[in-house]
Amino acid sequence: MKAVTVERQIEGKTFTLETGVLAPQADAAVVAKCGDSMVLVTIVRSQEVRSGVDFFPLVVDFEERMYAIGRIPGHRFLRREGRPSDQAILTARLIDRSIRPLFPKGALNDVQVIVTALSFDFENSLDILGLLGASAALMISEIPFDGPVAGVRMGIFDGEIVVNPPFKKLENSELDLLVASTRDAVVMIEAGAKQVPEKQMLDAIVKAYEAAQPLIEMQEELRGRVGKEKVPFVSMLPDEELTKLIMERYDAAIKGAVFQASKELRETKVKELREKVVAELTEQTPEEKRPFLPLSFDEALHLIVREMILKEGIRPDGRSYSDIRPITCAVGISPRAHGSGLFQRGETQVLTIATLGAISDEMAVETLLEEEVAKRFMHQYNFPPFSTGEVRALRGPSRREIGHGALAERAIETVIPDEDTFPYTIRLVSEVLSSNGSTSMASVCGSTLALMDAGVPIIAPVAGISIGLVTSGSHYALLTDIQGTEDAHGDMDFKIAGTRKGITAIQLDLKIKGLSFEIIERAFEKAKEGREFILDKMAEVIDKPRPELPSHAPRVISIRIPTEKIGEVIGPRGKHIKHIQQETDAIIDIQPNGTVYITCPNLEQAERAVEMVKLYAADPEVGKVYKGKVTRILPFGALVEILPGKEGLLHISQISHERITSVSDVLKVGEEIEVKVLGVEPDGKIALSRKELLPPSTRMPFRQHLGGSSRYKSTGGPSRPINREPKGGSHHQRD
């Protein structure tokens, strides 16, 4: 086996592609490397077409392997990787969306792309290498592919755009942008941003395209050295003659069926017309062409819809290019939820529910890209079958649901207040109740409504909108707020979310082979106009977060204690913290820096828990009076708990001005008394006095003759301290 390697230097980093050694039985295999990050990408195409397949069955999997970072995965009973993490699914979707538009139309063979992470240095991103390796493997394989394509990540630090910033520094970047480009155009965009203006975003996209060109060149070089001759797919394409016949004969009928305001009515009429056309043309169509009739009808419908949009400026529901469907907003839908927002745009309806929880309710996330971290803000997206009037088994979340949930989460997270400002865990769940296009952007709008209804002090409201595209040569039309039909028959779904100030998230899906910068710029402009219109509509219902949390929402108070006091607050085996939780029904989370988050069902209990924490963390002050409880009677005094977990010795001589023979004659276990702190020794022992808080006795000492000897019995006045310790009696401060 002989390795074939190509390299390029980009912004001071060396990118390497190698083939010929690993995975020899795959149709193609490429190792992509930068720094100590490395992935193996394999491509396999099926020889036969599965029965019933009428779409291109491309599958991309990103396999996280914990050995890539020198870690053993799982728990003690299962030391192997489990189901793919959300991050792995998102990476696979990103690669899929970058390469899918570049395959031939009508392909039916299964194609599987597997990206296996072999090494990760926490500096060089694996998603960029995965895309680079996938494109390179397709380029050298027998599979027809109109590449190459390459991805570049962009960041913004202090206003400066940076190419492929170190992975660890991305959390401090104003932008996390990944752009996939071919030699001629941009084919995919994925971004999360901190209200980045449109112009700056476009500048970053242009620079990403330019930075990708050396990666494209190295793939072309590899293809020139080891590329195989392409073998066509088994494909299913509409019959051109049948398509032309249907368009000529049924043009008016198709327009009448498609151009309806209602999705349900449109689908019903199209279905009926398809059946009618197929039935009418079956007899007059040669037998070998009859299987192509349904496909040719769909192609005729597709072309007629696009022609009406481009040439006549008419959209299927009668809107103009820039019109947004009617919008309805509402809050407070769920009476016991902490916050809820209903957002409806046309026939797309999403209900988002906000739930506030304790800091300990954070979700632990462990992926290959980062060690276990806690997420205090999360958004989840559910797409039940009834939202499209279908029957389907309910399983776990699909890749699409995970992707849409992550997109809306990215759009919102930049306006979530920090932990110091709002010490809550926040969970949003968007339930798609009706779907007719752009449900992910409706989830963004519903999330903003729910957060403001819950009283979460978000930095700014966020809205999202999708921009569509229909092209014919150099002529094109951009469509604001696309619905399902326009998504199906159009060329683009450009999802853009943001505030009035700037963009917070982008996701671009294409069916064509790329976008020009002119189209991207115009799409940004239309999205901004639409976003501001939607924000105005949302503001009519609620324009800012409620000033107070709902009465049934938990209350969180944070205080800071010295770090050396954390152990005392927790107590031996958690005794103290458990006591506080039992007494106040609180959830207590203590951070390593000494911040204590106290979560209770109501404010009164929270304030009580705060006082208890402060008491456990407090130090006894010399000269201060405390109300304590007698915990133990000793021959020479009593132990009194003056603060939770802190006991002091009340010596027998400090109990009373009068002489005491037996401590138990004066004090009982469990009795509450006031004592004064006389001193605190370096080892923590506390000396107490009760006597100093009592009024001095008015009685004078008198002489009493006992057994011929002369003794004095004091009946008042200060007694002399006992300086000796009874035999065997030493005081140890208890835990």
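Points worth noting:
- Rg then Dmax, both in Å and based on the Cα atoms of the stretch 240-312: 12.2, 37.
- For residue 269, the lysines whose Cα comes closer than 24 Å to its Cα, not counting residues fewer than 8 places off in the same chain, are 244, 255, 311.
- In the structure shown, the pairs 105/526; 199/511; 629/676; 33/230; 168/495 are assessed against 23 Å; a Cα-Cα span above that value is assigned to 105/526; 199/511; 33/230; 168/495.
- Normalised alpha carbon radius of gyration of the stretch 234-365 [divisor 2.2 N^0.38 Å]: 1.60
- Scattering from the stretch 4-226 was approximated by placing one identical point on each alpha carbon and applying the Debye formula without solvent; log10 I(q)/I(0) at 0.08, 0.09, 0.12, 0.18 1/Å stands at -0.29, -0.36, -0.64, -1.35.
- Computed about the Cα centre, the dipole magnitude for the stretch 402-443 is approximately 240 debye when only Lys and Arg (+1) and Asp and Glu (-1) carry charge, each at its Cβ.
- Protection-proxy order for peptides 549-559, 636-646, each taking the mean of Cβ atoms within 10 Å per residue, highest first: 636-646, 549-559
- Gained length - residue 685 relative to residue 558, 0.36 nm times residue gap less alpha-carbon distance: 42.7 nm
- 10 Å-binned pair-distance histogram of the stretch 102-215 (Cα, whole percent): 13, 41, 31, 13, 2
- DSSP-defined antiparallel bridges as percent of all bridges, the stretch 407-512, nearest 5: 100
- Cα centroid separation - the stretch 1-75 against the stretch 166-224, whole Å: 21
- When Rg and Dmax of the Cα atoms in Å is calculated for this entry, the matching label among (1) 36.3, 144; (2) 32.8, 119; (3) 29.6, 119 is (1).
- Where the alpha-carbon atoms of the stretch 301-441 are placed on the principal axes, they occupy 56, 36, 31 Å, in descending order.
- Across the stretch 498-514, computed HN-Hα scalar couplings (Karplus, 6.51 cos²θ - 1.76 cosθ + 1.60, θ = phi - 60°) run x, 9, 5, 7, x, 7, 10, 7, 9, 9, 10, 10, 10, 10, 9, 8, x Hz from first to last residue, x flagging Gly and Pro.
- Amide H within-cut-off set for residue 143, under 5 Å, with H built and near neighbours excluded: 231
- GluC sites (Glu not before Pro) lying in DSSP loop within the stretch 352-386, provided at most 16 other Cβ fall within 10 Å: 366, 370, 371, 372
- Greater than 27 Å apart at Cα, pairs in 575/627; 207/513; 624/668; 575/691; 271/537: 575/691; 271/537
- Between amide H atoms placed 1.01 Å from N, distances below 5 Å from residue 379 occur with 428, all of them 5 or more places distant or on a separate chain.
- FRET efficiency estimate (nearest 0.05) - Cβ-Cβ, residue 334 to residue 7, R0 41 angstrom: 0.10
Here, each number is a calculation from the coordinates, and none is a lab measurement. Values in this document were obtained by computation on a predicted structure and should not be read as measured data. Reconstructed Cβ throughout: ideal geometry from the backbone, glycine too, with neighbour counts over all protein chains shown.
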